[in-house]
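A short write-up of the structure that comes next.
Read-outs throughout are calculated quantities, based only on the coordinates presented, and are distinct from any laboratory measurement. Please read these numbers as outputs of a predicted model, since none were measured by experiment. Heads up, the Cβs are rebuilt from the backbone with ideal geometry, glycines too, and the neighbour counts pull from every protein chain shown.
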Amino acid sequence: MTPRKAFPVAALLALTVTATACGGGAAKQVTMTEQQAVDRAEEIIRQGVGTMSPQPTLERFGPATIGTCIARNDSRSDDRLQVTLFYKLTGVPGTEAGHLVLQARDAWLKQGYKYNSSGEADMSGPFPWVSMRTEPDDFWMEGITGVVDRAKGEGLASLKVTSPCFYPPGKSKASGTAAGPVRPGL
């Protein structure tokens, strides 16, 4: 598979994992600006790649606003939004892609972030993936290796961070009333 074909496969997988991750549980009332969500997502990405070796080049896609959220128990949408940042890690040999994902996982674990999913089987192969989240602010991140050449063990690595559903300033759960002060990271 060529790199051009492998990257869309990895991107689709990342979007699928995120879409299913947002669908359950009680809705939290989070108020932040889109810029605060982007800044926090950037911070999480920097934490994941800061000590990588070899150091990749980050090719950024986004931020993209994902809205409206469908994270209510009744599966209806509301006024909340999400943002996502997606990075392709380039400039390293394709055989290092899996190692980059594992290094991001290790860096995020050192920050105290938690697994959403991924078992040892997901980590032990040549094309690992990981799904994690921050606590208590509930940003979700994924490290994915897309297969470029299975026979040679070559892949493409990507990292993605998605914010929790948040009410933009001036909106709240109660029919458009003011939500109170902006509290980033909640």
Amide H neighbours of VAL83 at under 5 Å, excluding residues fewer than 5 places away on the same chain, with H built from the backbone geometry, are ILE66, SER163
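Determine, for each peptide in 41-48, 59-66, 98-105, the mean count of other beta carbons within 10 angstrom over its residues, then list the peptides with the highest first.
In descending order of packing, they fall as 98-105, 41-48, 59-66.
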Environment charge of PRO126, counting only residues whose C-beta is closer than 10 Å and scoring Lys/Arg +1, Asp/Glu -1: +1
